[in-house]
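Report on the structure given below.
The values are calculated or read from the model by the stated rules, or taken from the named source; none is laboratory data. Model, not experiment: these values are computed from the prediction. In this analysis, Cβ positions are derived from the backbone assuming ideal geometry, glycine residues included, and neighbour counts consider all displayed protein chains.
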Amino acid sequence: MIIRQPFRQLCVVAWLVSAMALAVVPSLRVEAGDTASIQARVLPPLAKDIVALIPPIRFAGVNVEGGGEITLSLVDIVYCGNDPRQVPKLLGIVYAGEQPSRPAPALQVEDCHGLPAGILKRIISRSDTPSWVGLLELSGMWKPWQVELTPTKLHGVAKSAHPKIDMRLSPQASQVYPTSFTVPIAGGKALPLHFAMGGVGTAWIVAALVVESPPASFAPKFTHPLNDALPSGTNAIVTMPHALANTILGQYLAGETYAIPVVRSAPALTVKSPSVAGSQDRYLTTSVLGMREFPDAFNLKLEWTGRDLRLAKLAMTARELACGSDVVCQIKRAGADALAGSIGQLLRTQYNGALLRTLILQDVIAVKLSEKEIKIHAEVLRAESSATDLILYTKITFVP
């Protein structure tokens, strides 16, 4: 479909807002800001899955029994919600030393409310557990433009008291990760993304600014109201402001041309200069189309309407030919008008009534985070428009 390629790149940017959250743990102690940004509301089921992907992380520890400094490797983690200050609480398992591989998960959500001694007793009894294991309490704190993962308390137990093993956290045990990234896009260009973390209730808020230099202070927000039932399976809601979409398309993807096959019997079309506009339950996309013989020959306008945006109107017209007023020019213009009508009818026959969400992005995204590749399957369950944003109700799953 003629909107697929340029809009796909735009939606990849939106997905990255959710995807890049895998590298960090959000803090919820923020207030609403006014800077336009891509926004994502990550619901609790997905938040727990994201936290489970955090290991491996290594913290600085000390062997109290005379061994000096030692690495404590986080091998398992579970999200425990937020404390009264709205700071995320996490519970993890650490092993002493460098761990080449991650063991089978041992923690459960129920452990968030359990006693450390009981949890450690269950885990140390496993056959694959080393001679010492630690239960680590952690919290996450975001501030522009980095996130800090801080161990707050370490409980340890050994399988045998001979020799005695006693580990402690180093005062410099916290890990700090940047939340500003440069993402390669088409044509060797790069898109600057600066992520802010926040939240409301049990949900996470992830916002991304597309600017060369982020402000010194920024408070993320999620402005789209959630007044009715979500599509079944929704675990993340992404909003892309129309104005920001046009900035990305017009500035960072400017000059990009996409070859678009229509049907097997028709020649390939090229599309460039896409732009978007929207209102409540109405979304407009425009672009310049061409063929090999007629580059930049046509204007295409698509109108999507409804609560789940569906193609309602397709208008394709020939662009003005700068060829004078002689008979040859008139014949060329008539031919271009006829060709526009023919291709437009072909597109209407093929795509009239198509759902926008089926044409933008329904595949696997590979993101490299924390020195490992994460594969994410993103499925749009509903796409709607407001006066300011395109809203994508999505189901995000992680592919082994």
Inset, instruction - Inspect the range 142-162 for any residue being crowded, with 22+ Cβ neighbours inside 10 Å, of a type in the set (Gly, Ala, Ser) and either part of a strand (DSSP E or B) or not assigned by TED's automatic domain parsing to the domain that holds residue 76 (or both) and give the result as yes or no. - result: no
Legend entry - Only listed residue being in contact with a helix residue (DSSP H, G or I) (Cβ under 9 Å, 6 or more places away or on another chain) and modelled with pLDDT of 80 or more, chosen from 105, 44: 105
Inset, instruction - State which residue is farthest from the chain's Cα centre (by Cα) when the search covers only the range 383-395 and only residues that are part of a strand (DSSP E or B) and more than 15 Å from residue 358 (Cα to Cα). - result: 385
Legend entry - Condition check for residue 247: at pLDDT 80 or above and either part of a loop (DSSP other than H, G, I, E, B) or within 27 Å of residue 398 (Cβ to Cβ) (or both): no
Inset, instruction - Could you check how many residues of the range 256-278 are modelled with pLDDT of 85 or more and out of contact with any helix residue (DSSP H, G or I) (no Cβ under 9 Å at 6 or more places or on another chain)? - result: 0
Inset, instruction - Name the one entry in 198, 233 that is on the phi > 0 side of the Ramachandran plot and touching a residue at least 60 places away in the same chain (Cβ under 8 Å). - result: 233
Inset, instruction - Could you tell me which residue of the range 124-164 is nearest to residue 217 (Cα to Cα), considering only residues that are small (Gly, Ala, Ser) and modelled with pLDDT of 85 or more? - result: 139
